[in-house]
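For reference, the structure is listed below as structure tokens.
The values are calculated or read from the model by the stated rules, or taken from the named source; none is laboratory data. Since the structure is predicted, the reported quantities are computational estimates derived from the model, not experimental observations. Counting neighbours? That spans all protein chains shown, and the Cβs are built from the backbone with ideal geometry, glycine included. Surface areas here come from the heavy atoms of the whole protein model, side chains and all, with no ligands, DNA or RNA. Shrake-Rupley method; radii C 1.70, N 1.55, O 1.52, S 1.80 Å.
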Amino acid sequence: MRDALLRSNGGWVALLLVVLGAPADLCADELGDLEKAYGAYAAHKYADAEARLRALLDAATGTLKDEDAIADARMYLAATLLVEGKAREAANVLERLLLDKPDYQADPLRIALPALDALADARSRQRDKLNAIKEEKARKAQQEKEKVEAEKRKEAERLATLEQLASQEMVVERHSRLWALIPFGVGQFQNRQTALGWGFLVSESVLAAGSAVSAALTLNNAALANDELDRHQPTVAGEYNKRAQSDAIAGNIFAGACAVVALAGIVQAELAFVPEHTEIRRRPLPPLSLTPIVGPGTLGVVGRF
């Protein structure tokens, strides 16, 4: 059955081998020689069949490389040996077949019933060993699967890291101590101390505004006092002068407080000075271009950003 499928799909197999860079005539010769050996068996030319099959299975000079073809050849050889009365040798061949391919199933349309019975007997004799082989193969297959999955996860993590790096840029902002000498919270904002910066900005602004308003009131009251003196109203002029003096004192207090707070802000900004600040910013990924690669034994794509 297997050989029939291979023969019916021979064109596709040959095409696949050409794409993969393997010589197509090698597979054709291999299957052709195996079919010739089976033909000798089917024609009851057992000596010729045995010779052909032994030549195909010879470890040094045999042309069979496919494990399924090798298993079929051993089955044909065992069937031939049984017909020739070489039961012990046939049993050895079947045991070797099952050790290499524990799940092998012979084609009942191509193999005589005694040979099928001998295969079943060989399987029964080696049941424990075959089960151990199957378990070992299953274990190795599971390990290989886990290894492949681990490599896929590792590759996915690597690609995710590369994508993250490609989508980010590092911006370094260098600071100056000269900016820290500026009042009104400038140094604090430069050091990324936003709350403290707003505190100094608001407090110094309020104190500066109070000083300015007091100065304006002082000048206004002094002007009014002069006007009253010109009108020969010394009593009223004295009242305005007292107001002007009070406003001047308040202005001096506001100005002094503003200077003290400003100096405290400058000192704090210098003590907490941060030479530079690093910021990670998002950026769009560059477009990805894919280039196909086709060659002997190679098929894939290459991506470039």
Show the residue pairs that are 6+ apart or on different chains and have beta-carbon atoms under 6 Å apart, the first residue being within the stretch 130-142 and surrounded by 10 or more Cβ atoms within 10 Å (Cβ to Cβ), the second being not in a helix (DSSP H, G or I).
-> L130/P102; I133/P102; K134/P102
Mind checking whether some residue in the stretch 158-181 is at positive phi, surrounded by 10 or more Cβ atoms within 10 Å (Cβ to Cβ), touching a residue at least 24 places away in the same chain (Cβ under 8 Å) and in contact with a helix residue (DSSP H, G or I) (Cβ under 7 Å, 6 or more places away or on another chain)?
-> no
Subset of the stretch 229-244, residues open to solvent by less than 90 Å² (accessible area, probe 1.4 Å) and either in contact (Cβ under 8 Å) with a residue 12 or more places away in the chain or in contact with a Ser or Thr (Cβ under 9 Å, 6 or more places away or on another chain) (or both), comes to A237, G238, Y240, N241, A244
Here the qualifying pairs (Cβ atoms under 7 Å; residues six or more apart or on different chains; first in the stretch 70-89 and assigned to a helix (DSSP H, G or I); second open to solvent by less than 50 Å² (accessible area, probe 1.4 Å) and basic (K, R)) come out as A71/K101
Of all residues in the stretch 117-129, how many are surrounded by fewer than 17 Cβ atoms within 10 Å (Cβ to Cβ) and closer than 17 Å to K86 by Cβ?
-> 2
Only one residue in E136, E95, E89, E146 is over 25 Å from K65 (Cβ atoms) and out of contact with any Asp or Glu (no Cβ under 6 Å at 6 or more places or on another chain), so which one is that?
-> E146
Could you say which residue among A208, A225, A248 is surrounded by 14 or more Cβ atoms within 10 Å (Cβ to Cβ) and touching a Lys or Arg at 6+ places or on another chain (Cβ under 9 Å)?
-> A225
If you go through the stretch 145-157 one residue at a time, do you hit one that is farther than 30 Å from K101 by Cβ and not charged (D, E, K, R)?
-> yes
So how many residues does the stretch 71-86 have that are more than 16 Å from L31 (Cβ to Cβ) and surrounded by 24 or more Cβ atoms within 10 Å (Cβ to Cβ)?
-> 5
Run I111 past the list (1) touching a Ser or Thr at 6+ places or on another chain (Cβ under 9 Å); (2) not in a helix (DSSP H, G or I); (3) not acidic (D, E) and report the number of the one that doesn't hold.
-> (1)
In the stretch 251-277, which residue that is β-branched (V, I, T) and either open to solvent by 70 Å² or more (accessible area, probe 1.4 Å) or free of Cβ contacts under 8 Å to residues at least 12 places away in the same chain (or both) is nearest to G197 (Cα to Cα)?
-> V267
